[in-house]
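J.: Can you read through this structure? Questions will come right after.
The values are calculated or read from the model by the stated rules, or taken from the named source; none is laboratory data. For clarity, every value in this text was computed on a predicted model and none was experimentally measured. These area figures cover heavy atoms from the full protein model, side chains too; ligands, DNA and RNA do not enter into them. Shrake-Rupley method; radii C 1.70, N 1.55, O 1.52, S 1.80 Å.
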Amino acid sequence: MSSFIPFDRSQPYLLPSDLKSWLPADDMAHFIVAAVERVPMDAFCVPVRTRGKAQYHPRLMLALLIFSYANGTFSSRRIERARYRDIGVRFVAANLHPDHDTIATFRRTNRTAIEAAFAQVLLLAHETGLLRPGVVLIDGTKIDAGASQYRSLRYDRIRALRE
């Protein structure tokens, strides 16, 4: 008979006070947070609010977007969901929880500044050796392939045509 490790899903956990201790030292989240700290925030547009809830800092929102894009998450709603499920996203967002509308509004109002900052972070990653040079697509464009089902041939059909 095999033995199993005992588990109890109702057991309360004592989480560490610092999310950094949950991530490995070489995790991409550490690099993105450090890289975004070096990006100048002059180009970012932040509307002035006199009432209501305080806004999220543009540096936090930028780091959240870059980390999410680097992990293949582009939808604002999926980024919002990941803030609760992914430790890396929680660390980058400083355990804060901006909603999908806030993320989408920030992305829409600061599109050119985000593109420039993303390029700076990519150059920094290349300089530090974390990124190999190549093509990086960040807009999610899908390109149709040149081969359609009518153009592709089976191996036996190619042989018949060749003969």
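J.: Determine the shape class of the range 55-99: with a ≥ b ≥ c the square roots of the Cα gyration tensor eigenvalues, call it rounded for a/c under 1.5, and otherwise prolate if a/b is greater than b/c, oblate otherwise. Provide the component values of the computation, followed by the final result.
T.: On the way: a/c = 1.39, a/b = 1.22, b/c = 1.14.
Rounded.
J.: Any chance you could look up the accessible area of Asp101 with a 1.4 Å probe, heavy atoms only, rounded to 10 Å²?
T.: Per-residue accessible area (Asp101): approximately 90 Å².
J.: Would you kindly derive the ³J(HN,Hα) couplings of the range 116-122 from the backbone phi angles with the Karplus curve 6.51 cos²θ - 1.76 cosθ + 1.60 (θ = phi - 60°), listing them in order in whole Hz, with x for Gly and Pro?
T.: So the Karplus estimates, Gly and Pro as x, are 5, 5, 4, 5, 5, 5, 5 Hz.
J.: Using a ≥ b ≥ c from the Cα gyration tensor of the range 17-127 (square roots of the eigenvalues), is it rounded, prolate or oblate, where a/c under 1.5 gives rounded and otherwise the larger of a/b and b/c decides, a/b for prolate?
T.: Here the range 17-127 falls in the oblate category.
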